[in-house]
Amino acid sequence: MKNTILSLMAAFLVLAVAGFALGEQVDVNLGAVYFSADGDAYADKDTPVTGAGTIIIENKNLTDSLTVKYLNTELVLDSENIINITPETFTITANSSVTKTLKIKSISDIEAGEYTGRLKVVDTATESIIYDEFYVKVLVPALEITEITITDTESGDTNTKLEKGQKFTVTVGYENIADQTDVENVNIKVGVYFGDDEDLIELVQDLDEDDLKADEDGSDLSAGKTGEVSFDFEMPFDVDDKDDFTVFAEITADAEDTDESFYARDTKSFTAYVPDDRIEITKFTMSPSLLACGVDRVKVSVEVRNIGDSKEDVELFMRNTATSKEYILNEGDEIDLDNDYQDEDDFTASLDEYVTLTDLKAGSNIYTLVAYYNDGDASTQKEFTLTSESCTPTSSEEEDDETDVVVQPTNNDAQAPTTPNVPASGSSYVTLKDVSGFGFDSDLVMPIVIGVAGLLVGALVIILLMPRA
């Protein structure tokens, strides 16, 4: 109801209008209809709308024209919220009728809810009542369904032509269009029906014989705010090409601060598309999907489904995308798929087969399953990625395999001091600290010195023991 202006058209329903003589009182009951701020009519869910927005007043007097006006034009929600039917004076010529549009004087910045009143039509000349107490009920709404979209669940593409067994998502967008009314207890219901939106009787059922219907509670919605909810469904298989379907959506909510309740509804139509020949691959996997080094045997699992109008004979092949190496499945025998959609086993087939792969390479291997049908004139395919581990270690793995070997001294007690006291033998000697930079191990110096000294002592002993000439 944003930017509501004066003289918005309200929608009314005439249930009965009787002929009358001048001055005769006739009771007429107007049924309730909903209307939105932009003037569009929304029928009460229990009352069909015919002739919305107008009343018909007939003057059966053969000679006199009649000038009339409205009285009691207030429609009341409560003491603080009142709207008015626009006052109007008009003339009806003798023995004729007029069709008048009732207009609301102002509905800006008010609480949403049901406004009621009793409208009178009087003769302006005599003030005599012509129509007494039209009962008028107008709902200033708080809810509006802004959009219904149908998309392919897997691809996300918007679609209004759906195939057998296709998974689809219905998304309902809605808005609180009230000026100042916040709502709670929001609930959205959706159902998918056979036929167009004029005759919604039979709910569609999926393959498991579950009705395609769902509901969900939404969050509280303050004035001017929007919401959205999605429902997932699956098309049945027992449908024909160009069958009509309708998504019916409705939303209810309660005002947070008053006793008012609100309702809105909308529909979206779509059709079934059933080609003469169509096969769908519903499953293609390999197990295990990660092969260890040297393993080349996998279990291939396949499921195919006939979603066309004809019987099909299907041949299955598996091809390595990189090498074009091809593997024949099911020993090359055709798989027969019926077009009788009463029993899933007739139009669906599964296959589990062990295959030895002769073209594996380390890393990712993409295999494509190809299903040929319609006497080989048509095909469909699906990919699966298989990973094979490398049998050759990488350079980083080789580096990790190299182990540094540390040789420890066999005699842990023989620890040489950092700068040992070496007896002077002339003026030329170096400390271990000086030679360590040239690759000598300081722990080996002391044993060497002791060994050399031992040799010298041994030589001296031999000389002393030698007999003298």
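Quick notes on this one:
- Strands (runs of 3 or more DSSP E) fully within region 213-268 counting 3 or more residues that are more than 17 Å from the chain's Cα centre (by Cα) and at pLDDT 90 or above: 244-255
- Matching entry among Val355, Val370 (being within 30 Å of Asp238 (Cα to Cα) and either at pLDDT 95 or above or not in a loop (DSSP other than H, G, I, E, B) (or both)): Val370
- The residues listed here are Ser324, Ser350; of these, the one that is under 24 Å from Ser287 (Cβ atoms), hydroxyl-bearing (Ser, Thr, Tyr) and touching a residue at least 60 places away in the same chain (Cβ under 8 Å) is Ser350.
- Among (1) loosely packed, with under 15 Cβ neighbours inside 10 Å; (2) closer than 19 Å to Thr146 by Cα, the one test that Asp266 misses: (1)
The values are calculated or read from the model by the stated rules, or taken from the named source; none is laboratory data. Note that the coordinates shown come from a computational prediction; the quantities given were computed from them, not determined experimentally. All Cβ positions, glycine included, derive from the backbone under ideal geometry; neighbour counts span all protein chains shown.
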